[in-house]
1. For segment 834-844, indicate whether the set of residues that are polar (S, T, N, Q), within 28 Å of TYR609 (Cβ to Cβ) and open to solvent by 40 Å² or more (accessible area, probe 1.4 Å) is non-empty.
2. Looking at ARG535, ARG546, ARG607 in this structure, which one is open to solvent by 60 Å² or more (accessible area, probe 1.4 Å), of a type outside the set (Ser, Thr, Tyr), in contact with a helix residue (DSSP H, G or I) (Cβ under 7 Å, 6 or more places away or on another chain) and in the same structural domain as VAL500 (by TED's automatic domain parsing)?
3. Any residue in segment 366-381 that is open to solvent by less than 10 Å² (accessible area, probe 1.4 Å) and basic (Lys, Arg)?
4. Please state which of the following conditions GLU282 fails to meet, knowing it meets all the rest: (1) under 24 Å from SER881 (Cβ atoms); (2) outside any loop (DSSP other than H, G, I, E, B).
5. Just the residues that are modelled with pLDDT of 80 or more and among the β-branched types (Val, Ile, Thr), please, taken from segment 387-402.
6. Tell me the helices (runs of 4 or more DSSP H) entirely within segment 58-145 that contain at least 1 residues that are without any contact (Cβ under 8 Å) to a residue 60 or more places away in the chain and of a type in the set (Phe, Trp, Tyr).
7. Being part of a loop (DSSP other than H, G, I, E, B) and open to solvent by less than 40 Å² (accessible area, probe 1.4 Å) is the filter; apply it to segment 917-932 and report the residue that is farthest from GLU776 (Cα to Cα).
8. Quick check on segment 898-929: of everything there that is of a type in the set (A, V, I, L, M, F, W, C) and more than 36 Å from the chain's Cα centre (by Cα), which residue is nearest to PHE817 (Cα to Cα)?
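The values are calculated or read from the model by the stated rules, or taken from the named source; none is laboratory data. Since this is a predicted model, take the numbers as computed values, not measurements. We place every Cβ from the backbone using ideal geometry, glycine too, and count neighbours over all the protein chains shown. SASA here: full protein model, heavy atoms, side chains in, ligands and nucleic acids out. Shrake-Rupley method; radii C 1.70, N 1.55, O 1.52, S 1.80 Å.
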Amino acid sequence: MSTHTYKKFENAGSGDLPDRMTIYQDCMSEFNESPVNPKRCRLLISRLLRLLAEGETFPENEATALFFSISKLFQHPNDSLRQSVYLAIKALSSISEDVLMATSSIMKDVQNGSDLVKPNAIRALTTVLDESTAFSAERLLKSAVVNKHPSISSAALTSSYHLLPIAEATAKRFVNETQEAVMDLKPFPHRNVVGDYYPNSTFITQYHALGLLYQLKKSDKMALLKLIRQFSDNNTLKSQLAKVGLVKLVSELVTRDAQLFSSFQPLLNNWLSNKYESVQLETAKLITNFAIQHPHLVSAELHASAVTTLQSLLTVPRVSARFAALRILNRVSMVSPEKIVVCNPELESLINDPNRNISTYAITTLLKTGTESNISSLISTITKFIHEVSDDFKIIIVDAIRTLSINFPQEWMAILNFLIDVLKNGEGGLKFKNNIVEALIDMVSFVPQAKDLALENLCDFIEDCEFNEILVRILHLLGKEGPSTATPSLYVRHIYNRVVLENSIIRSAAVVALSKFALTKNDPTLGESIVSLLRRIANDQDDEVRDRATIALKFIESAKKEENPEAREFVQSRYSYDLPSLESKLSSYISSNADSFQTPFDVTNIRKYTEDEAKAIELKKKQEQLLKGHLENGSESTPGLEEGSKGEKRDSSYAGPSLDEHQEDLRSTKYAEELLSMEQIKEFGPLVNSSRTIDLTDPEAEFVVRGVKHLFNNHAVLQFNITNTLTDIALDNVTVTCTPENPSESSLEELFSLSIDRLSPSQEAACYVAYNKSEEIVMEGFLNNLTFTTRELDPETQQPLDDTEGFQDEFDIDSIFLNAGDYIKSSFVGDFTNAFDELPNEEVAVYNIKENITLQELVDRLVVNTSCLPLESTQYAPSDSSSHTVKLFGKSALKGEKIALVVKLIKTSKGIAMKAQGRSEDATLCSYLVNGLM
């Protein structure tokens, strides 16, 4: 090793990594010298460990040579050197061969070493053991677990924890010793104390022992219940981390079995007043998270106590405690903002907190609990400091404002001004800017009053925007919404500027947006100008831009001269396809490829949505996501933090359909495709509407049945999807018998039923029953019965036994109902009041509901039964109020007539009084819907 290199790495301040080969040679030379220089060896080991920590690695032969050279240092009695040796052994054991050779030396230190070395030796021991040799260390580890020295005991407990994947049978024999370690309070020994300093015990051993006990007993629910009862009844646990671990243990149990929560409520109430803030926070987090999932199982008093505890923690001087309490309250505010209104004074005092992370959370929580009266003042407060926080917290604020734009559309001016100010003046990256643009797009789509002003400011923004993704998104929006505005020519200039100034990606998007203005009805003279611009663009140097301009010109000319509806549809599309159905059809078309794609792809059977239907679907999904509290990208609402705990609620940004929603969409598409592929049903014509899947049996039943209702213009088809959960029984000739509740008065005539020839174990198949409708709208209930022949199967061949003919059996399933909501599709309207007043036919009905349900449950039921879209955030009923008004809007699936409902609810001691007022262009549908709500 050269003098220069040696001196370079003697410098402790050097930030350069040592050379791997130099370190290897120096270690091999120094560790084999006699006598050993402890200080020099420790320095070399530290460099070696730094190399390994930075990701450097050694070939297996070099690592093995290093391992055995280091093991020679066991001959030196220096304790500091011995500690470094154990760190090196732990680091090299995973890449070296024959590491078991060091076992005896390590065991010797575990048995006879000093208290300073023993913990390191125990930790290193588990890295060199395997399943066949772990039993030899059992006695030593058991002895170390009950050792009176807390460091030795903790090392033994954590090593046993890491031994579980290697030798589970050996580690499971430590239960008694681990139980004893929890009970035994281990102070640091008083001997050999030098000076006045004496370390105080944190009783960390209890935390490690409790964690190991959980791992040993986690599959035994009764053992865990006994464990909680044992350590919560008295003052056994002194470690605050152990107490937090006990709270997490309760959380684990109630997640597995929600019915256990009631038995833990007194204990949780007691923990809320614990002297440790961490225990209070963990308990409050458990209660509030569980209340979100199971609101009926948490008493109002316990939830109020949790909120009061969090409220008190908002005023403590420790920043971490305030932040943690605020984070929990923020999560509660996403689902039940009315429950934390009592905390508003403390939250308002935190707006000016010197820690900007806390002030950001305080303001976003206040926004969720805010009302129309204080939104403007809150937004003005945010504007003062939003430019001082990081992008992550800016995104949280924008998401909260985005939620407000949907919940309080009447406050659009203050919200829009804030978003425009942040977009133009705020500095930030792609994700931050994109969130603002998405919020503005939501306002354009769902708040018609804000449309013109938002579009104008987006036009100004794209003049200086540096992100291609955002530019393309805005250009698409301008092309979609601009032609329908009062002054479409205003947007053409900004779009054409992008053709002149931007790259080919932006120019291509601008061409498509520009072409949509050619057929606008608001300014007929604009068409010639657009054609002139497109002809100029057709000479662009980029082939993609030229092609798009040429195609657009062809379609525009065809639409104008020949009145070609298909060409007009390509330029200004009025419909959007059902994407799951389109995806499924395309996949089938590509995979089949029977004639090398000679047969063109057929889109006639793919469901299409009008613009208001597509907006209704999007808004409904956003509302569901806001209720569930999911955050964009599925991450926790605190920047930089991630938690994988199931059931936790997330922040408010809608990031597209969840996996469950996507699966439901694909399932509905699959059912519709299977239905329309049947020859008997093709004659019924196009499918008008299909319901969501309805469970007709318990999920744990022997035969799981789900129903789907399909409506055609003159026919109705009931689909029953049946799953056989039995493992050794097959079902033959499976049929569902449907009987109308009033056969003599029924307007339906059964045409045919399609049965399942054989339903094997764990297989799903469908039965169908088809009816002819004598009237356009038919309301009917059906009593259903599943009939089949059971056949016992040979366990080896899974074929029916020859000597058994089977026997007839039947299985009752729940009724299924055709109601007025099945004839309605959700539809969006910007101004509900005007739309309601303009509808001609009115129907009013009054209900007195004596069922013991909450207002929110009744609102949820109304939304499902009517299939309408709730508007103006009326789908949320406040829990602290005895009255509520729901506004619902939809249109007929058969003819497209609009229908609007205003439902007023008042809760009294005798039940819930409900008055439903409906208006529609179709008097019959309006009457059926209003009079059949319950």
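1. Yes: segment 834-844 contains one or more residues that are polar (S, T, N, Q), within 28 Å of TYR609 (Cβ to Cβ) and open to solvent by 40 Å² or more (accessible area, probe 1.4 Å).
2. None of the other options fit; the residue is ARG535.
3. No, segment 366-381 contains no residue that is open to solvent by less than 10 Å² (accessible area, probe 1.4 Å) and basic (Lys, Arg).
4. (1)
5. ILE395, ILE396, ILE397, VAL398, ILE401
6. Once the helices (runs of 4 or more DSSP H) in segment 58-145 are filtered for at least 1 residues that are without any contact (Cβ under 8 Å) to a residue 60 or more places away in the chain and of a type in the set (Phe, Trp, Tyr), what remains is 60-71, 79-92.
7. That would be GLY932.
8. The qualifying residue nearest to PHE817 (Cα to Cα) is LEU925.
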